[in-house]
Amino acid sequence: MASNDYYRTLGVARNAGHDEIKTAYRKLAMKHHPDRNPGNNDSESAFKEINEAYEVLSTPEKRQIYDQYGVDGLKAGAGGGRGGFGGFQGADLGDMFGDLFENLFTQGQGGGRGKPRTRRGADLKYGASITLEEAFSGVKVPVNFERTEVCQECDGTGARGKTGIRKCPACQGAGRVQYSQGFFSFSQACPDCGGQGEVISTPCRACGGAGRQKKSAIINIKIPAGVEDGAVLRVSGGGDAGLRGGDSGDLYIQVSLKHHPHFERQGPDLAYECPVAVWQAALGGETDVPVIEGGRVKIKIPQGTQHGKVFRVPKQGMPAAGGRDRGDLLVKVKLEVPHDLTPRQRELFEELAKIAGHETPAEEKEKSFFKKILG
Ligand SMILES: [Zn+2]
Ligand SMILES: [Zn+2]
């Protein structure tokens, strides 16, 4: 029966200290060791369970996550940030059994340092906001962000100077500890030093022994021409530094485009709303429109142009990402009716209305006036 209660598995209280947990683990590990119980499947699974429980409860950060979120927290890496502990059930535990069994079969050799457990740093995500013009031409932008870096003071060791590190007293610097009972003995990575053979006696002043420090960083991101709004760029190794020499995480930059006063992006094309006076639309003519590179280009307005009509100006849009192709500029006609008329303009419009058979508001007013008087 697999139990997810690691404290029950080891038979310790939830507030048990490190030594108590270690003692309980050793006792149970001896009892259920496969070598002492050949062919006993119950013992074998119990042995796996107690190792799993110990792996978590003996690692302060894993224990904290387990206490807070349970087993699922460890699987999901909840609270631990991305790149957290998701892999521990596979890799670390595998390593552990590897260590154990390897030594069972090569009994007595027991030497050699255990490999210190490294961990990859977390991935980070930040944003960069650029103008449409910058997206058009491509741009290099500085991005300010915070990340965990290897402590410069101690070079990641976590110790103050060379004297800040001493031989691990539990394993005498071997990185492995050997247990024996009767004819049987086995060894595993030293739980006190994590297999490194060394412990910190005087922690580094700058990082307090963590070996890593939060630092503000600045990185110049090259954003390619034609980038889309929301695109995510990856800077390999730009994230948090790894633990104990582990790889750095990656840095992800999400690009967002600032609102542009004239243009709206529509894939590779740019849309522009062009105001056209009502008489110009009726008579036809020429106007000019702005382009993304700066300046303006002339376009033709045919006579009888309707509101909402779209004219396509070829190759005046955005560059297609990666290619030499360019989108078009889509000019959408926005018919503009004058807000105020000069007396002369009013005269002309009234005449236009008369020709078209429309009544002007003035005439309508007159009519209703007479209607009222005449009943
Ligand atoms: Zn040790
Ligand atoms: Zn340091």
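The figures follow:
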item	result
Selection within segment 123-133 - part of a strand (DSSP E or B), open to solvent by less than 60 Å² (accessible area, probe 1.4 Å) and within 17 Å of Lys215 (Cβ to Cβ)	Leu124
Top-ranked residue of segment 134-155 - restricted to ones that are assigned to a loop (DSSP other than H, G, I, E, B) and of a type in the set (Asp, Glu), ranked as farthest from ligand 2 (Cβ to nearest atom)	Asp155
Residue in segment 170-190 that is within 16 Å of ligand 2 (Cβ to nearest atom), assigned to a loop (DSSP other than H, G, I, E, B) and touching a residue at least 24 places away in the same chain (Cβ under 8 Å) present	no
Selection within segment 278-308 - surrounded by 15 or more Cβ atoms within 10 Å (Cβ to Cβ) and in a strand (DSSP E or B)	Gly285, Thr287, Val289, Pro290, Ile299, Ile301
Candidate set from segment 2-30 (those that are at pLDDT below 85 and assigned to a loop (DSSP other than H, G, I, E, B)); member that is surrounded by the fewest Cβ atoms within 10 Å (Cβ to Cβ)	Ala2
Test set (1) touching a residue at least 12 places away in the same chain (Cβ under 8 Å); (2) exposed (fewer than 12 other Cβ atoms within 10 Å of the Cβ); (3) not assigned by TED's automatic domain parsing to the domain that holds Lys332 - Ala241 fails condition number	(2)
Selected residue (criterion: nearest to Asp19 (Cα to Cα)) from residues of segment 134-190 that are within 16 Å of ligand 1 (Cβ to nearest atom), of a type in the set (Ser, Thr, Tyr) and open to solvent by less than 30 Å² (accessible area, probe 1.4 Å)	Tyr179
Within segment 197-208, considering residues that are out of contact with any helix residue (DSSP H, G or I) (no Cβ under 9 Å at 6 or more places or on another chain) and more than 16 Å from ligand 1 (Cβ to nearest atom), the one nearest to Gly121 (Cα to Cα)	Cys207
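The values are calculated or read from the model by the stated rules, or taken from the named source; none is laboratory data. Just so it is clear, the structure is predicted and the values come from calculations on it, not from any experiment. No Cβ is skipped: glycine too gets one built from the backbone with ideal geometry, and neighbour counts run over all protein chains shown. Each accessible area value is taken on the protein alone, full model and side chains, heavy atoms only, with ligands, DNA and RNA left out. Shrake-Rupley method; radii C 1.70, N 1.55, O 1.52, S 1.80 Å.
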